[in-house]
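The numbers here are math on the coordinates, done by the rules we state, and not lab data. Worth saying up front: this structure is predicted, and the values here are computed from it rather than measured. Every residue, glycine among them, receives a Cβ derived from its backbone with ideal geometry; neighbour counts consider all protein chains shown.
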Amino acid sequence: MTTLHDILAEAAPDGALVACGGGELRRKPMAAVRELIALGRRDLRVATMLGSADVEALLGAGGVAEVHAAGVALEGLAPRWREARQTGEPRVVEWSEGTFTAALQAASLGLDSIPWPAGLGTDLPAVNPWLKEASDPHTGRPVLAVRALVPDVALLHVNGVDEEGNAYVDGDLVLDGLLARAARRVVVTYERQVESDPARAAISRIWIDDAVEAPEGALPTACPPAYPIDAEGLRAL
Amino acid sequence: MIADLLTGTLAEELAAAPIRVFVPTTPATAVAARAARLLGNERLALAEGFTALAGPQRDWATDVFTLLRRGLLGVAVAPVQLDAAGRTNLSGIGPPGRPRVALVGPRGLPENNDTPCPLWYLLAQHSPRTLVERVDIVCGPAPSPTAGPRTLLSPAGCFDLVDGRWVARWLAPGGGELIEGAPGFAIEVAVGVPERATPSAAAIAALAAVDPGGTRRAEFGE
């Protein structure tokens, strides 16, 4: 049986753009993050809309060249994210929730960029080279042209996977469905195998390349309803 | 009590707003939304955080942007800075790209500050650190003329953004002094602006019904 270690050894080489699913303190793919750290990768580019333990653990381990996020926090502020932004090391690319979503939509459609209605009049285009002010070619109306962000691999942690490989999420899917369509390779870890019920599946197996059982694989973040956050584990990051 | 005044006022506003979904960002805003259902907006749906709708909605994280553009989503936010033109900041203090004090990040402020939706800024303090002439990092752009109503609720009172200027709708007791204490954040206070110390009796009853333990008070330091 192929292990998570073997899958990531192949899917996430040095310099890879690795996208983490979940959001805030929910369903962060921490089992995969820990394997990635064990592999000792260098120059990783890490992307997540709303980061927490994933970003903090990877920054703490070193080997990260760049972080893309619209926000990172733990139960309070996230110290390594703050330090990176204040020192510029490693590089942080600031997104909004919407522009990050748009960049993945562009990636899922194979587009170089996609227009987005928000973000104009903000400081984001000045600090994020993926965002450029442009005008709609039909009407001339100003838009933000958001360049595609194409993850080499998306790491997702879900509640269950059935024997056919469909993924099930209880509650908040966050951006995982879009990440699965945008990334070149999709690695799913899951709490337990579940009965097949395709109408309920959150992510079809057609978007999933690898699925590996990893109970408690989101800790110290929560995987509702299986378990809440582990506050001590968050402090120990 | 400021918590009841501001939470109750927000509940009244949400009850009257033409929105289908509300995004609570703090416990008090969630209480206000549940109270708004009792005050007449019975079908108001509540999101869990910014990314999930309570109930069987799957693609919420992308639907939220559609609702924002169509004016159907209400949001109450507490930015780190709010300025005289209605810009917001949640990213940090200092220059963009290299803040002296980095905070969470822009989150959804670029998406929700200039939309046809109503938007409330709910602040526990009327502080010159938060209410400034110009934000350090522009996360939420200044609302354009087509934006929906922008309302600030603070311990100083209730203020509307009208043609790019903040105008007092009513003042809380002692509100005038609080406004003077944040001089960078200009507010027009017309002669005879009413003072308000409590929300309506119906709002007070709705708060008591949905939040008997008073969880709304913690974020106002009460």
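Taking the fewest neighbouring Cβ atoms within 10 Å as the starting point, the ordered list for A:Asp152, B:Asp83 is A:Asp152, B:Asp83.
Just to confirm a number: summing +1 for Lys and Arg and -1 for Asp and Glu over residues other than A:Pro198 whose beta-carbon lies under 13 angstrom from that of A:Pro198, what do you get?
Details: positive: A:Arg200, A:Arg205; negative: A:Asp162, A:Glu163, A:Glu164, A:Glu195, A:Asp197.
It works out to a net charge of -3.
Once you divide the Cα radius of gyration of chain A by 2.2 N^0.38 Å, the number left is 0.99. Over the protein assembly as shown, the ratio between the Cα radius of gyration and 2.2 N^0.38 Å evaluates to 0.99.
Normalised by the number of residues in chain B, what is the relative contact order in percent for Cα pairs under 8 Å and 6+ residues apart? Don't jump to the answer; show the numbers that get you there.
Working: 488 pairs, mean separation 50.8, N = 222.
Reported as a whole number, the value is 23 percent.
Going from the fewest other Cβ atoms within 10 Å to the most, the residues A:Asp230, A:Asp197, A:Asp176 appear in the order A:Asp197, A:Asp230, A:Asp176. By the beta-carbon count within 10 Å of each Cβ, the least crowded to most crowded order of A:Tyr227, A:Tyr168, fewest first, is A:Tyr227, A:Tyr168. Look at the stretch A:89-98: the mean tally of other chain Cβ atoms within 10 Å of its residues' Cβ atoms is 6. Working note: Cα gyration tensor of the range A:75-208, eigenvalues times five, square-rooted, sorted largest first, giving semi-axes of 32, 21, 12 Å. Each Lys or Arg adds one and each Asp or Glu takes one away; over the other residues whose Cβ falls under 14 Å from the Cβ of B:Glu42, this sums to +4. If you average the sequence gap of Cα pairs under 8 Å that are 6 or more apart and divide by the length of the range A:91-217, what percent do you get for the contact order? RCO, the range A:91-217: 23 percent.
How well do other chains shield peptide B:95-102, expressed as the mean number of their Cβ atoms within 10 Å of each residue Cβ? Could you put the intermediate results ahead of the total?
Details: counts 3, 6, 9, 6, 4, 1, 4, 13.
What the average comes to for B:95-102 is 6.
Treating each Cα of chain B as an identical point scatterer and summing with the Debye formula, the log10 of I(q)/I(0) at q = 0.07, 0.12, 0.17 Å⁻¹ comes to -0.20, -0.61, -1.27.
In the calculated pair distance distribution of the range B:96-199, what percentage of Cα-Cα distances lie above 21 Å? The calculated P(r) of the range B:96-199 puts 38 percent of pairs beyond 21 Å.
Computed over neighbours whose Cβ is under 15 Å from that of B:Val77, the net charge equals -3, Lys and Arg +1, Asp and Glu -1.
Based on the inverse mean of 1/r over its pairs of different Cα atoms, what is the Kirkwood hydrodynamic radius of the range A:1-112, in Å?
Details: mean 1/r = 0.0699 Å⁻¹.
Over the range A:1-112, the inverse of the mean reciprocal pair distance is 14.3 Å.
Membrane-span-like helices in chain A, defined purely by DSSP H runs whose alpha carbon atoms cover 15 Å or more axially and whose average Kyte-Doolittle hydropathy reaches -1.0, are A:97-109. The range A:70-86 and the range A:26-42 have Cα centres spaced 18 Å apart.
Dividing the convex hull volume of the alpha-carbon atoms in the range B:153-222 by its residue count gives 117 Å³ per residue. Counts of other chain beta carbons within 10 angstrom of each beta carbon in peptide A:173-180 average 3.
Here, the range A:149-237 has an Rg and a Dmax of 13.0, 39 Å when only alpha carbons are counted.
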